[in-house]
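A short worksheet on the structure shown next.
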Amino acid sequence: MNRGLYLSNLVVTGPTGLIVTRMDLRLEPGQTVALVGESGSGKSMTAKAMTGLLPRGVTATGTLQLDDIEVDLALGPQVLTDLRGKHISLLLQNPFTSLSPVHRCGEQITAALAPDLRRSKDEIRRRLDEVDLPERVARQYPFELSGGMRQRVALAASLASNPQILIGDEPTTALDVTTQREMLDLLERIQGERDMALLLITHDLGIARERADRILVMYAGRLVELGEGADVFAHAQHPYTAGLRDSDPPLKHRLVELPAIAGSVPRPSEVAVGCVFAPRCDRADHRCRTDTPELIGTTSQVACWKPITKADTPHLIQIATDVQAQNTGTDLVVVKAVSKRFSPSAPLALDNVDISIRLGEAVGIVGESGSGKTTLARCLIGLESFESGDISWMINAPMAQRAQIVFQDPTSALNPAMTIGASLAEALGVGQRDKSEVPALLQLVGLPAEYARRRPHGLSGGEQQRVAIARAIAPKPKLLICDEPVSSLDVSVQAQILNLMNSIIKELGIALLFITHDLAVVRQVVSRVYVMNNGRVVESGTMENVLLSPQHEYTRQLFSSVAGK
Amino acid sequence: MDTAHSHRRLTQLLSRGSLTRFIVVRLAATGLLLLVLSFVVFALLHLTPGDPARNLVGVRNVTPELLQSIRDKYHLNDPFMSQYLQWLGNVLHGDFGESIRNNTTVTTLLSDRVTLTLQLAGLSFVLTVLIAVPLGIAAAWRTGSVLDRSVSVASIVGIGAPTYAVGLLLLYIFGLWLDIFPVYGSGDGGFDRWWHLVLPAITLASGLAAMVFKLTRTAVVAELNQDYVAFAQSRGLSHRQIRSLVLRNAMIPVATSLGLVFAFLFGGTILVEVTFALQGIGSLLAGSVTFKDLPVVQAITLLTATVIALTALAVDVFYYAVDPRVRKRGSR
Amino acid sequence: MSRRALIPIVTGIPLAMIAIFVVASRWIVPNATRQDIMTGVTSPGTAGHLFGTDQLGRDITQLAIAGAGSAVVGPIVIALGSMMIGIMLGTFAGYMGGWLDLLLSKYADLLLALPTTLVALVVTGLIDGGYWVTVLVLIMLFSPTDIRMVRGSVIAQSGRPYIESAKVLGLGRLRIMFRHILPNVLPVAFSTMLLNVAFALVSMSALSFLGLGVGPGVPDWGRQLSDSRDLLDRNWGSLVLPATLIIITAAAINLLGDWLQERFEERSVQR
């Protein structure tokens, strides 16, 4: 008998066309397979098709074979009803929404058990114990728990019927770095104990590299490459896999320029003929644009007409020496002993924070959610008030020309009712600049001048973030604050934006305050860094020093949690 | 010692998240709202164009002596605030004064009619809930189905259709044309009374049911799109278990809409009672307004406000009981 | 999908017809109010009277066409007026917060504590106003919900990054409120306004059914219905025609408003 799951020739079709094309997948007991891809790659839809949970209007064809059961997916989602829970279970990304808010955790965990076990105290205790949760959680409601604990409850719930296969759809993406590591360790342990197959769907190359036995790379609805573990990236054959690997910023060193993949991910339905990656590939030739390559190979497979081989000269990646922080520069802004509380009963959001930024210097603030990093930025820019302490600017200019800010979410960064040109002209006006400078400004952020006439909603996330950066630098501020500017972008686009920011601050000679949870990202941009935890600055220094010899316990914990770098 | 103890006990009772504190705060807010409303209602007497005393005389022959006696009786020469306080004091004892149109006290007048209105409102409410809530749930479960589409269109017509127009049409079809139900009047008590109330209640329920259907459907659809439903399915929970998860969550917004319906219910009774010539509070109000029978108008307005405010309070307490998040936050 | 695309057509035809009645009734039915006591009540189909006549011998059909004006114009004014108040006060209250916000929300609480029908009946009844006073009273009664709606959307918009960016750029409050926030609130405001027209139509005709609002002798659907109660046994047309007109008009406006609201919601999701 053939144990494990074998998905063959999966095709998922939505109202606007193909979402996943001819996908094969094999999962064996005890094995972890990572399905890696950017947004729109079809990785989540694959998981939904495997569990029969496709949204209305989306259909699947193909066969799913589980041990000796064979299921024809074309017959509709109901054919999977009997397999869900007992054979395949799905763990979702967001622990805040995947549990019912008005039911106690214990009840939700045991719901899938046989009726006589649902009320058994021992059973609940055993289930909670498996995911390292105390017994009291059974009586608590999800909103009373932290994100990490909720995801453990969700994990226990998805394991209730003892599935052979667990699919985790970005199961740790919504969690903080340190919690993320704990969760991944827990998954690994349980998987080993239960000899369960784990399909890990993730956009995070580091997690895939560190945790997976096999890695499958998807792009625009197709499998482009697969192989054993970290090898897939180390010896990438597909130009996309190599591009993805290279544009993922390293933690160990700073690159002069991140090798980015030009353009953005197309919709699977937009690519009719040829290789899906051809439009963005610098190796593509005529055949790539007309014929679709099939997956070929044995242990590692690649769908490419011109795969990268050992004979190819590797991409030259230039490692930069970290920019030395100039101790001699003049201060631009000094924050002294700033404290803030959101309500009298809440803990301090900012606790006696001291930071300083010099003219033309790139500074980072690193911290997890709740560390106070965003609150500090908002105080600095005047969007939030603080109770005590002092923020003093050393230049004499109106607030708008001291600092500007770029936020995380590009989709709501721009006024949907205004054209790009109007938004930029307004920002230029603040700096007494004429609207005739709009084309030059667009060019500076790498967008064509015609974009001035467009409205934000037709733009991709990366393009919207470029416009947001253009608007922020329009009044010629002395400081550009970026609050997680790339964390909602795809890896390949993230590299483009990071390169853009590096070149802009160099060109304009302005200072940068870069706020992020991502150490590798901040490494590529700043020369000096502050580490924040629970509203306090726990460590500061040059990027290199902090990285090489972290002094504070929290900093060390943060660094050791970074996956696969 | 004793005061310290009782003080501690009080703080404990009123601590964040306790039901007592919740109810006390809510009651206080309700009381305040009614107090302000009572002031506005009292002020109606003086806001109505013309001399209050003359307005209170009604159609009787106006003689200086009569005017004077009215002024004395209603303390119309006293300062405004003291008039109000005297009136409020009487109201709190159940005394709303005397009707101008009928020579009885407002209280007697109301107590004769309040039962019918409550019966009508109660029957309509039960009809509304029994029809609209199950239909809303069924339509949400199968969005786009024939059931969903047809009931949704019907509900849009129902929401827009004026109560009295529907009432008259039903009256014509079932009362005059098919001659199944009585046309006018309140019946002779007992079964006959309920028989007389069937058409009016259906009329009143039609608009409300359309509203409740729409709100229920929206609430259930919103819940069905939540991640926890997909997660429950992926864990292999049975259809019945998933339905109970969803309904428990949807119950909260649905209960709010039912509370909201109460206000419309009492607005609707006015029109339905007039249409079907029922001797209830609503038709009394309509008649009293035309006749400028101020004490009656004041009493009915205040009574309605009280009923609606108490319903809102009940909905809030219900919230507290079913939504653990509200319990945690305490009184909002 | 295609079914929903039909909605503007299905609702547009009756609404266009009503609009023609409103604008041109004085030319279509110049003699609508002419009384003919000799004829008295006749049933539908009587020579020259499609829906019969009322007790004053007036032709039901002509009267209904002439009544479209008072049925529709007032509600449109009510919806427009209350939304204008809603936009002005709601925008300020939502964006600035503070005492104005508190005051307005308390005012809304107070008015929402009673059924609209009841308050409208008591106020218009006691002050004996005519048509336009009723319109004014209904504007006051409708505005709190509009203020709330606008205020809610303004608050939702204010927290979005593009508004915060505008603040950081140092733009003036008025500019942010009216140039940045308002254009994004207007679509919702417009569809709400449409739904309010339907609601106002029902409320206005309800008041005239109770004998308030429209002066005696003026053609009006609500008054026609009120009169029809005494004619039911002799002329069912006096009931069916105005009732159908009110129901169709209100339903068409509601359908259109719902459809618009859904479209705007879809668009904001796509963004």
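When you look at B:D95, is it over 24 Å from B:G259 (Cα atoms), among the acidic types (D, E) and surrounded by 15 or more Cβ atoms within 10 Å (Cβ to Cβ), yes or no? Against the criterion (over 24 Å from B:G259 (Cα atoms), among the acidic types (D, E) and surrounded by 15 or more Cβ atoms within 10 Å (Cβ to Cβ)), B:D95 qualifies.
Among the residues making up segment B:98-122, those that are among the polar types (S, T, N, Q) and not in a helix (DSSP H, G or I) are B:S99, B:N102, B:N103, B:T104, B:T105.
Number of residues in segment B:138-149 that are of a type in the set (G, A, S) and either within 14 Å of chain C (Cβ to nearest Cβ) or closer than 11 Å to B:A209 by Cα (or both) equals 2. Of the residues C:S226, C:S191, C:S205, the single one that is crowded, with 23+ Cβ neighbours inside 10 Å and either in a helix (DSSP H, G or I) or more than 8 Å from every other protein chain (Cβ to nearest Cβ) (or both) is C:S205. The condition (being of a type in the set (G, A, S) and surrounded by fewer than 22 Cβ atoms within 10 Å (Cβ to Cβ)) is satisfied by just one residue among B:A205, B:A161, B:A222: B:A222.
Scanning segment A:261-288 for residues being modelled with pLDDT of 85 or more and either surrounded by fewer than 18 Cβ atoms within 10 Å (Cβ to Cβ) or in a helix (DSSP H, G or I) (or both) gives a total of 9. C:L114 meets all of the listed conditions (1) farther than 19 Å from C:S153 by Cβ; (2) part of a helix (DSSP H, G or I); (3) within 14 Å of chain B (Cβ to nearest Cβ) but one, namely (2). Within segment C:238-249, residues that are within 8 Å of chain B (Cβ to nearest Cβ) and touching a residue at least 40 places away in the same chain (Cβ under 8 Å) have Cβ atoms under 7 Å from residues that are aromatic (F, W, Y) and buried (at least 24 other Cβ atoms within 10 Å of the Cβ) in these pairs: C:P242/C:W221; C:I246/C:W221, counting only partners at least 6 apart in sequence or on another chain.
Residue by residue, here is whether (1) more than 10 Å from chain C (Cβ to nearest Cβ); (2) closer than 30 Å to C:R223 by Cβ; (3) within 24 Å of the chain's Cα centre (by Cα) holds:
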site	(1), (2), (3)
B:G136	yes, no, yes
B:V151	yes, no, no
B:S155	no, yes, yes
B:G158	no, yes, yes
B:Y164	no, yes, yes
B:G167	no, yes, yes
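Looking only at helices (runs of 4 or more DSSP H) that lie completely in segment A:382-446, which have at least 1 residues being touching a Lys or Arg at 6+ places or on another chain (Cβ under 8 Å) and of a type outside the set (D, E, K, R)? Hits in segment A:382-446: A:399-402, A:420-430. Listed residues C:R26, C:R3; which is in a helix (DSSP H, G or I) and at pLDDT below 75? After applying the criteria, what remains is C:R3. For segment C:153-184, filtering for residues that are of a type in the set (V, I, T) and farther than 23 Å from A:V467 by Cα leaves 2. Going by what's in this entry, would A:D68 be described as within 14 Å of another protein chain (Cβ to nearest Cβ) and surrounded by fewer than 16 Cβ atoms within 10 Å (Cβ to Cβ)? So A:D68 fails the test.
The selection criterion, being within 19 Å of A:N162 (Cβ to Cβ) and either more than 10 Å from chain B (Cβ to nearest Cβ) or buried (at least 18 other Cβ atoms within 10 Å of the Cβ) (or both), does not hold for A:R26.
Each row is one residue, and each column tells you yes or no for (1) surrounded by fewer than 23 Cβ atoms within 10 Å (Cβ to Cβ); (2) under 20 Å from the mean Cα position of the chain (by Cα); (3) aromatic (F, W, Y).
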site: C:L182; (1), (2), (3): yes, no, no
site: C:P187; (1), (2), (3): yes, yes, no
site: C:N196; (1), (2), (3): no, yes, no
site: C:F209; (1), (2), (3): no, yes, yes
site: C:L212; (1), (2), (3): no, yes, no
site: C:L231; (1), (2), (3): yes, no, no
site: C:L245; (1), (2), (3): no, yes, no
site: C:L256; (1), (2), (3): yes, yes, no
site: C:E262; (1), (2), (3): yes, yes, no
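Only a single criterion out of (1) over 15 Å from B:I300 (Cβ atoms); (2) surrounded by 13 or more Cβ atoms within 10 Å (Cβ to Cβ); (3) at pLDDT 80 or above is not satisfied by B:S82, namely (2). For A:R214, the conditions (1) free of Cβ contacts under 8 Å to residues at least 60 places away in the same chain; (2) charged (D, E, K, R); (3) buried (at least 20 other Cβ atoms within 10 Å of the Cβ) all hold with the exception of (1).
Table: residues versus (1) within 18 Å of the chain's Cα centre (by Cα); (2) touching a residue at least 24 places away in the same chain (Cβ under 8 Å); (3) within 20 Å of B:V297 (Cβ to Cβ); (4) crowded, with 24+ Cβ neighbours inside 10 Å.
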site	(1), (2), (3), (4)
C:G97	no, no, no, no
C:L110	no, no, yes, no
C:A113	no, no, yes, no
C:T117	yes, yes, yes, yes
C:L121	yes, yes, yes, yes
C:L138	yes, yes, yes, yes
C:S153	no, yes, no, no
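Taken together, A:S385, A:S392 contain a single residue that is out of contact with any helix residue (DSSP H, G or I) (no Cβ under 9 Å at 6 or more places or on another chain), hydroxyl-bearing (S, T, Y) and over 21 Å from A:E484 (Cβ atoms), which is A:S392.
Comparison of B:L92, B:L35, B:L56, B:L85 shows that the only residue that is without any contact (Cβ under 8 Å) to a residue 12 or more places away in the chain, over 25 Å from the mean Cα position of the chain (by Cα) and either within 28 Å of B:L313 (Cβ to Cβ) or within 14 Å of another protein chain (Cβ to nearest Cβ) (or both) is B:L85. Scanning segment A:207-248 for residues that are hydroxyl-bearing (S, T, Y) and assigned to a helix (DSSP H, G or I) turns up A:Y240, A:T241, A:S247. Put simply, of C:V73, C:V123 the only residue that is among the aliphatic types (A, V, I, L, M), under 23 Å from C:S226 (Cα atoms), within 14 Å of chain B (Cβ to nearest Cβ) and in a helix (DSSP H, G or I) is C:V123. In segment B:226-309, counting only helices (runs of 4 or more DSSP H) that sit wholly within it, the ones holding 3 or more residues that are touching a Leu at 6+ places or on another chain (Cβ under 6 Å), within 14 Å of chain A (Cβ to nearest Cβ) and crowded, with 18+ Cβ neighbours inside 10 Å span B:227-234. Considering segment A:100-155, the qualifying helices (runs of 4 or more DSSP H), each wholly inside and each with 2 or more residues that are within 14 Å of another protein chain (Cβ to nearest Cβ), run over A:105-110, A:115-118.
As a summary of the residue check, B:G190 satisfies the conditions (1) away from chain C (no Cβ under 14 Å); (2) of a type outside the set (K, R); (3) surrounded by fewer than 24 Cβ atoms within 10 Å (Cβ to Cβ); (4) on the phi < 0 side of the Ramachandran plot except for the one numbered (4).
Apart from one condition, A:L489 fits all of (1) in a helix (DSSP H, G or I); (2) aliphatic (A, V, I, L, M); (3) closer than 25 Å to A:T419 by Cα; the exception is (1).
The values are calculated or read from the model by the stated rules, or taken from the named source; none is laboratory data. All values derive from a computational prediction rather than experimental measurement. All Cβ positions, glycine included, derive from the backbone under ideal geometry; neighbour counts span all protein chains shown.
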